[in-house]
Amino acid sequence: MTAQVSDTASRPLHKGERTGRRLRVATLWAGVLVMTTPFLWMVLSSFKSERDLGATPTVWIPDEWTLVHFDKLLDLLDMGSHFFNSTLVAVAVTGCNLVFCSMLGYALAKLNFAGKRPVFGLVLGALMVPHNLMLMPMFVMVSKMGLIDSYAALILPFAAGAFGVFLMRQFMSAIPDELLEAARIDGAGEWFIFWRIAMPLVKPALATLAIFTFLQSWNNFLWPLVATNDPDKYTLPVALATFAIDPTKTNGSNGVLMAGAFLVVLPVLLVFIVLQRYFTQGIATAGLK
């Protein structure tokens, strides 16, 4: 088997195969350019001077690199406060999802209890409901609880998600039952088995869920806009959007807006870079299920 694969990999490619490979590579590079061009434009524009921003034809690489747009942004917008709000909400939502989704995923995958199938059916049904349809019920519930303009209003509705439960349930199902039964025979309780045996075995899934949840929470715009009226509780996307529509602050400068968008995207990139190894493992393992 190994020799056969080695022979296949080492044999010279025919002309048609080489052409097909080149077409696939070219298609992949075209997709990369389409996806990264707006991001590169945003990053480069945040360092351009006003002259380069308004130049015709378009200037891609700044002739003069400047940080003036970041200085203006920090002077006109309380970035520290809004950055703290976004970080607090995103970290809290991510942590809650990692704990609660893992617990429910473990229960659905490895425990037997009454109503197990209906509960899993509800999880699958929740995956099919568009998020926007839940805004009104969520707002009414949060309002009646008196949580408007609070961090709890931004965190609690997203403390556990159907996608996270489904993802963790699928990964927990791959854990051998014999391993868990051996731990039970040795006298280990379910909490010990969950925290000390199951959780370490699903680290790639946890990293994948952490990236998706952090990204979604950090970029969430509509719900923080609905649930908060106090500017002191605005997250970065909401604060930047309200800042962008105020002409007295931006003075028509796209560079300031590009600098703000770059600062919003930067933490997400850092999280992905740190967790990309586990994320890749999680996607690869999910493809084998």
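The values are calculated or read from the model by the stated rules, or taken from the named source; none is laboratory data. Note that the structure is predicted; figures quoted are calculated from it, not measured. Cβ coordinates were reconstructed from backbone atoms using ideal geometry, including for glycine residues, and neighbour counts include every protein chain displayed.
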Tell me yes or no: at least one residue of the stretch 222-245 is surrounded by fewer than 13 Cβ atoms within 10 Å (Cβ to Cβ) and modelled with pLDDT under 85. yes
Looking only at the stretch 226-247, how many residues end up being part of a helix (DSSP H, G or I) and farther than 22 Å from VAL142 by Cβ? 4
A careful count of residues in the stretch 184-200 that are of a type outside the set (Gly, Ala, Ser) and more than 16 Å from ALA107 (Cβ to Cβ) gives 4
Mind checking which pairs have a first residue in the stretch 191-202 that is in contact (Cβ under 8 Å) with a residue 24 or more places away in the chain and surrounded by 14 or more Cβ atoms within 10 Å (Cβ to Cβ) and a second that is outside any helix (DSSP H, G or I) and of a type in the set (A, V, I, L, M, F, W, C), Cβ under 9 Å, 6 or more apart or different chains? ALA198/ILE175; LEU201/ALA174; LEU201/ILE175; VAL202/ALA174; VAL202/ILE175
Quickly run through the stretch 12-45 and pick out the residues that are in a helix (DSSP H, G or I), aliphatic (A, V, I, L, M) and exposed (fewer than 11 other Cβ atoms within 10 Å of the Cβ). LEU23, VAL25, ALA26, LEU28, ALA30, VAL32, LEU33, VAL34, MET35
